[in-house]
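Read through the structure below, which is laid out as structure tokens, and then see the notes.
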Amino acid sequence: MYDVLIVGGGITGCAALRLLSKYDLRIALLERSPDLAMGATKANSAIVHGGYAEGHDKLKGRLCYKGRKQFAALNRELNFGFAAIGSMVLAFEEAQRTQLVAMMENGRRNGLDDLELLTGEQVKALEPAVNDDVKYALYCKGAGVCSPFEMALALAENAMANGAQVHLHSGVAAMERNENGFAVTAGDGRVFNTRFIVNAGGLDAVRLAAMAGDDSFSFYPPSG
């Protein structure tokens, strides 16, 4: 009997596994692929976004910066290669400056304290190879890049060192509620009994939720 069963071995599932592995719990992660991070995690842009573009009225906007601030400490602990190289949103017309100001104000509502509106000359000083026609840029000093694949593996490896289990080739075929929690059946017939489930199934999360009787949300995933 597990205390928590995490379904999905992408960056979200691996992060949850690592966090829970700090506690005295019996936890496991199920991943249907032959390795971790084989879904959306392996194929995203690898940008650690600043947090200024997402609207403050949305949960994503309120969480992005809080998440970004954790990367430096996580990288010191796990060494997956985060680099805070900064980011710039460029403007080539005078009229676009208003959009940059609005983006900066939104970022500050989200809690950012490392935003700056640069002139064209300041942009060229930071990045000499930039287009000479640049007039302004919104500069976010703490935005960066990392390898999400390596990060997911580092999170999972640390969790396993703490006693967590990872089961690959273990897609969920069925899920039943019972008096103790849930009985989760993998495609090969193995049954995992657990008190709680963390649904980190990515693009498959809607199907997984429906198995547990939750049809309260839908996905409309964008390309990329």
Residue-ordered couplings for the stretch 167-173, obtained by feeding phi - 60° into the Karplus form 6.51 cos²θ - 1.76 cosθ + 1.60 and rounding to whole Hz (Gly and Pro as x), are 10, 8, 6, 10, x, 7, 9
Expressed in angstrom and ordered largest first, the alpha-carbon extents of the chain along the principal axes are 64, 36, 27
Spelling it out for Val166: with amide H atoms placed in the peptide plane at 1.01 Å from N, the residues 5 or more places away or on another chain with amide H under 5 Å from its amide H are Leu29
Sorted largest first, the Cα spans of the stretch 81-131 on the principal axes come out in Å as 37, 30, 13
Result for the chain: accessible area per residue, probe 1.4 angstrom, in square angstrom, of 56
Note: Ala40 to Ala212 extended length (0.36 nm per residue) minus current alpha-carbon separation gives 59.6 nm
Note: Thr119 to Asn193 extended length (0.36 nm per residue) minus current alpha-carbon separation gives 20.7 nm
For the Ser33, His56 Cβ pair and Förster radius 41 Å, calculated FRET efficiency rounded to 0.05 is 0.70
Treating every alpha carbon of the stretch 181-223 as one equal point scatterer without solvent, the Debye formula yields log10 I(q)/I(0) values at q = 0.31 Å⁻¹ of -1.21
The long-range amide H neighbours of Tyr2, using H built 1.01 Å from N in the peptide plane and a cut-off of under 5 Å, are Asn193, Thr194, Arg195
Under the Karplus relation with 6.51, -1.76 and 1.60 and θ = phi - 60°, whole-Hz ³J(HN,Hα) for the stretch 65-72, x at Gly and Pro, equal 5, 4, x, 4, 5, 7, 5, 4
In the neighbourhood of Asp3 defined by beta carbon distances under 14 Å, the net charge of the other residues (Lys, Arg +1; Asp, Glu -1) is +2
In degrees rounded to 10, the 0-90 angle between helix 97-109 Cα long axis and the longest Cα principal axis of the chain is 40
Taking placed amide H atoms and a strict 5 Å upper bound, the residues 5 or more places from Ser33 or on another chain that come that close are His169, Ser170
Taking Cα pairs closer than 8 Å and at least 6 residues apart, the relative contact order of the stretch 85-187 in percent is 27
Carbon and sulfur atoms account, in whole percent of the 1.4 Å probe accessible area of the stretch 59-171, for 51
Checking the stretch 87-180 for GluC sites (Glu not before Pro) in a loop per DSSP with at most 12 other beta-carbon atoms within 10 Å yields Glu93, Glu179
Under the Karplus relation with 6.51, -1.76 and 1.60 and θ = phi - 60°, whole-Hz ³J(HN,Hα) for the stretch 114-128, x at Gly and Pro, equal 10, 9, 8, 8, 9, 7, x, 5, 5, 4, 5, 5, 7, 9, x
The chain, Gaussian network, Cα under 10 Å: of Thr119, Thr12, Thr41, the residue fluctuating most is Thr119
Rounded to the nearest Å, the spacing of the alpha-carbon centers of the stretch 149-224 and the stretch 85-126 is 40
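The values are calculated or read from the model by the stated rules, or taken from the named source; none is laboratory data. Keep in mind that what you see is a predicted model, and the values were worked out from it rather than measured. Methodologically, a virtual Cβ is constructed for each residue, glycine included, from the backbone with ideal geometry; neighbour enumeration extends over all protein chains shown. Remember, those area values only see protein heavy atoms, side chains included, never the ligands or the DNA or RNA. Shrake-Rupley method; radii C 1.70, N 1.55, O 1.52, S 1.80 Å.
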